[in-house]
Amino acid sequence: MFSKNSGHYDLVERSKMNTLEEALRLIRTSLNSPQMDVEGAHYDQNITHLIVVMGASGDLAKKKIYPTLWMLFRDKLIPDKTFIYGYSRSKLTMEQLISNVSPYLKCNENEKERLAEFWSYNFYIAGSYDSSADYRSLNVKLSKHEIAGISNRLFYLAIPPSLFEVTTTHIHETCMDHKGWTRVIIEKPFGRDAASSLELSDHLAKLFSEDQVYRIDHYLGKEMVQNLMTLRFGNRILNTGWNRDNIAQVQITFKEPFGTEGRGGYFDSFGIIRDVMQNHLLQILSLVAMEKPATIHPDDVRNEKVKVLKCIPKVEMSDVVLGQYVGNTEATEEHKKFGYSDDKTVPSGSKTATFASAVLKINNERWDGVPFILKCGKGMCLSNLFYKCHFLFYFVLNVS
Ligand SMILES: NC(=O)C1=CN([C@@H]2O[C@H](COP(=O)(O)OP(=O)(O)OC[C@H]3O[C@@H](n4cnc5c(N)ncnc54)[C@H](OP(=O)(O)O)[C@@H]3O)[C@@H](O)[C@H]2O)C=CC1
Ligand SMILES: O=C1O[C@H](COP(=O)(O)O)[C@@H](O)[C@H](O)[C@H]1O
């Protein structure tokens, strides 16, 4: 998650992280540092913190959010009095939620007790995204954890983007009468196109201040992506040759060996370009191609990314290949036998692309004439995200 205040430990500090313990120590210190001492960023042990996972029955919740919350809890990186509420329409019991999430939780034998403790801070409520009454019930439950009506509340929108507006409207109307801060985490894609993205931003701006809204791209949290700036700007050999004179082409590739697996409700109306290429792959492209930012403050990094993105001309259809995965009847693994259209959550006859490849150009002095080839696909044979530069020598960095 990136806010204005998150550039607090610099590249030198990060390079000292030899052990996990050392890394955790630095994170704990930074959470209590004076730079974090602004509303909402401070790690306050005395206040009740309430995290609401909207879309708790879904793929993102089970694969990423609950496993991350567990690790934060395990490593004591969230305040002690933090309660987590899952919210979605499915009528799940806590046992069912735990069983959905468990395959994705990493837990050693000696952490079992701590895991049971983690679950004791978790609750689940079934409710609609558009029912005031359901949000009122949620608010009543949340309020019960507060002392003197004080809590900090974080709403994580792990739901299809088509529900962002209705959900935030209800959160704003019903769940913000407490004392303490409220934050909303919004997942990509932020709209379907420039117009709907602007509409969403305008909608959010009417309900929340910019400091309350966190737009997330989880690829920015991947270690190899985080290390890209150090790799480029801290390495004189790479840094001096990182340009059109030495690099023939750049490939950024995302391949997933599995398909949508019940996520058609979200995926089918967005497709692979909006799901992965427009956000994750473009973020990587910007980090690979941007000029060195003045500092590592998020605003400076963002400004450099924007500059490079502005140099990319409109992509022509003749530079794009689209496809949809089909089942392999001869596959030995059961899930590989099914194509995209066999997923019951996918509308029949769907033409949504699950594979896309596009060639982008960057019209600036550094990259003029170097093709940036972005490829992404679900239901592919290999699982990997990597970027390759055809350099003086050939090199591939694996991001996943
Ligand atoms: N899956 C992932 O790995 C990642 C996903 N994301 C983002 O997270 C968001 C959610 O993705 P993901 O969890 O994969 O999606 P899912 O398809 O799993 O949807 C999440 C939940 O939303 C509800 N839902 C789904 N479709 C509809 C619908 N048409 N109308 C109303 N409710 C619906 C369902 O819950 P219920 O029916 O119980 O209410 C579902 O469990 C997206 O914006 C995606 O871009 C971001 C990074 C990674
Ligand atoms: O944002 C998304 O990312 C996941 C892949 O994430 P990873 O960290 O497991 O590589 C992808 O499956 C999903 O479709 C997309 O919404």
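The values are calculated or read from the model by the stated rules, or taken from the named source; none is laboratory data. On a predicted model such as this, the values are computed, not experimentally measured, just so you know. Don't worry about glycine lacking a Cβ; one is built from the backbone with ideal geometry, like all the others, and counts go over all protein chains shown. All accessible areas refer to the heavy atoms of the entire protein, side chains included, with ligands and DNA or RNA removed. Shrake-Rupley method; radii C 1.70, N 1.55, O 1.52, S 1.80 Å.
Look at segment 301-330 and say how many of its residues are part of a loop (DSSP other than H, G, I, E, B) and either β-branched (V, I, T) or open to solvent by 60 Å² or more (accessible area, probe 1.4 Å) (or both). Within segment 301-330, residues that are part of a loop (DSSP other than H, G, I, E, B) and either β-branched (V, I, T) or open to solvent by 60 Å² or more (accessible area, probe 1.4 Å) (or both) number 9. One residue is enough: does segment 256-278 have a residue meeting the conditions loosely packed, with under 15 Cβ neighbours inside 10 Å and modelled with pLDDT of 95 or more? No, every residue in segment 256-278 fails to be loosely packed, with under 15 Cβ neighbours inside 10 Å and modelled with pLDDT of 95 or more.
Selection of segment 181-221 for residues being within 16 Å of ligand 1 (Cβ to nearest atom), open to solvent by less than 50 Å² (accessible area, probe 1.4 Å) and not in a helix (DSSP H, G or I) yields V184, I185, I186, E187, K188, P189, G191, V213, Y214, I216, D217. Of the helices (runs of 4 or more DSSP H) lying entirely inside segment 40-150, those containing at least 1 residues that are within 23 Å of V213 (Cα to Cα) span 66-74, 132-143.
Looking at N139, N122, just one residue is farther than 16 Å from L92 by Cα, open to solvent by less than 30 Å² (accessible area, probe 1.4 Å), touching a residue at least 24 places away in the same chain (Cβ under 8 Å) and away from ligand 2 (no atom under 16 Å from the Cβ), and that residue is N139.
In segment 72-101, the residue that is most open to solvent (accessible area, probe 1.4 Å) out of those that are away from ligand 1 (no atom under 16 Å from the Cβ) and of a type in the set (A, V, I, L, M) is L72. Only one of the numbered conditions (1) more than 12 Å from ligand 1 (Cβ to nearest atom); (2) out of contact with any Ser or Thr (no Cβ under 9 Å at 6 or more places or on another chain); (3) closer than 30 Å to Y325 by Cα is not met by P257, and that is (2). All conditions in (1) of a type outside the set (A, V, I, L, M, F, W, C); (2) under 21 Å from N328 (Cβ atoms); (3) part of a helix (DSSP H, G or I) hold for G259, with the sole exception of (3). Against the list (1) under 30 Å from D319 (Cα atoms); (2) assigned by TED's automatic domain parsing to the domain that holds L154, the condition F254 fails is (2).
Among the residues of segment 288-300, those identified as open to solvent by 10 Å² or more (accessible area, probe 1.4 Å), in a helix (DSSP H, G or I) and touching a residue at least 60 places away in the same chain (Cβ under 8 Å) are P298, D299. Just one of the listed residues (S128, S99, S120) is more than 19 Å from I51 (Cα to Cα) and among the polar types (S, T, N, Q), namely S99. What are the pairs with Cβ atoms under 8 angstrom where one residue, in segment 53-66, is assigned by TED's automatic domain parsing to the domain that holds L142 and the other, located anywhere, is charged (D, E, K, R) and within 12 Å of ligand 2 (Cβ to nearest atom)? Sequence gap at least six, or different chains. That search, which allows pairs on different chains as well, returns G58/R263; D59/E261; D59/R263; L60/E187. If you check M277, M317 for being assigned by TED's automatic domain parsing to the domain that holds A353 and away from ligand 1 (no atom under 16 Å from the Cβ), only one passes: M317.
Examine segment 237-250 for a residue that is more than 16 Å from ligand 1 (Cβ to nearest atom) and among the charged types (D, E, K, R), and state whether such a residue exists. Write out each step before concluding.
First, pick out the residues of segment 237-250 that are more than 16 Å from ligand 1 (Cβ to nearest atom): 237-250.
Now restrict to residues that are among the charged types (D, E, K, R): 244-245.
Yes.
Checking the stated criteria, T174 turns out to be in contact with a helix residue (DSSP H, G or I) (Cβ under 8 Å, 6 or more places away or on another chain) and more than 16 Å from ligand 2 (Cβ to nearest atom).
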